[in-house]
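Below: the structure, in structure tokens.
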Amino acid sequence: MTRKVNQSTDTLDTSDYEDGSVEKSVKIFAKRMLKTTLFVGTFQEKRFVESLNAYRDVIKINDEEERFIENLRSVKIKVQTSLTKKWVGITSPTTAGAPVGHCLWVDLGKNILGKYWFKVKTVELTDNEFRLKLEIVRPYKAESLFGDSSMEMDNIVNFDFQKYLTSICDNLKLNTKYFLIHILTLQNIKETTVFLSLLLATMVTALVQTIKYLMEYFLKLIKTISEFIKSVTPIMITTIKVLGGIATSIINSITVMFQGKPNLDRRNTYQPAYPQIKGSYYQQRALPYKSSVVITEIEE
């Protein structure tokens with residue numbers, strides 16, 4: 001899966017060849033082996049490097065990048081033999097204290113997580129460190145979608161239903177046999193029966209006690225409500241009467257306000273109880289009254 005891109009455009013600096021120092025030769029060798037290489041890696045974590053007194057981003061290289069890993073081994077051996085005082089940001093599965101797998105210890109400058117396509121931009125040599133400078137190309141998931149779907153389609157096409165059904169039957173037989181031998185035993189049945197009986201008795205007792213408590217509570221509640229209603233009824237009746245009187249007074253006041261005051265002068269409106277004939281009233285005579293009492297004179 002290792003790829004080399006832009007080999008025609010990414011050329012080495014001629015100044016590297018002119019300077020014959022050991023560091024320059026190691027840098028030239030590393031660039032020839034690694035520069036512009038594309039590989040798949042997974043960002044795992046940040047780790048503190050004591051010799052550098054700084055944190056580095058740990059990139060685990062995909063195990064399928066065999067050619068790139070081989071080139072990294074060659075570069076690491078070259079750096080360790082030529083520049084013994086520099087810390088090399090390349091570790092292998094046998095490196096003590098390093099993550100499992102072949103890893104690069106770099107400074108990405110951004111926080112990412114997951115699997116990506118990386119490109120080796122250049123090789124960096126500092127006073128006490130040798131490391132690679134990487135460029136994040138794109139997430140690996142987009143690249144692997146077509147391959148994953150192809151594998152799934154192959155699995156669907158090559159699916160053996162008869163074999164799958166046979167495996168299900170075999171597993172069912174094994175599970176049934178295990179259940180009958182190890183689980184459905186006389187001791188387990190006895191313990192289960194005792195447990196269910198105790199559980200049922202506990203539930204019945206709890207239900208009876210709950211019903212009893214609720215009945216007592218409802219009786220007390222009904223008694224309290226009845227006493228409350230008896231106490232509140234006179235107050236409510238009085239309040240209704242007062243409100244009714246106030247409402248009646250308000251209605252009467254409104255009626256008087258709209259109709260005006262009543263006429264109290266009766267002289268113009270008085271009508272005699274009896275009709276007048278020739279300037280006098282009918283003369284009514286009382287009926288003769290006969291009393292049963294006899295008055296006798298008392299003689300002295």
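The values are calculated or read from the model by the stated rules, or taken from the named source; none is laboratory data. Since we're looking at a predicted model, the values are computed, not measured. Note: ideal-geometry Cβ built from the backbone for every residue, glycine included; neighbour counts use all protein chains shown. Surface accessibility is based on the protein's heavy atoms, side chains included, excluding ligands, DNA and RNA. Shrake-Rupley method; radii C 1.70, N 1.55, O 1.52, S 1.80 Å.
Take Leu243: with every protein chain present and a 1.4 Å probe, its accessible area is about 110 Å².
Evaluating kT/(6 pi eta Rh) at 20 °C and 1.002 mPa s, with the Kirkwood radius of segment 217-260 over Cα pairs in the Stokes-Einstein relation, gives 164 µm² s⁻¹. Converting phi to 3J(HN,Hα) with the Karplus coefficients 6.51, -1.76 and 1.60 and the offset θ = phi - 60°, segment 224-233 yields 5, 5, 5, 5, 5, 5, 4, 6, 8, 4 Hz in sequence order, with x at every glycine or proline.
Relative protection proxy for 120-126, 251-257, from highest mean packing down: 120-126, 251-257 (other beta-carbon atoms within 10 angstrom). When Rg and Dmax are taken over the Cα atoms of segment 185-265, they come to 33.7, 115 Å. Charges were assigned to the Cβ only: +1 to each Lys and Arg, -1 to each Asp and Glu. The resulting dipole of segment 75-135 about its Cα centre is roughly 160 debye.
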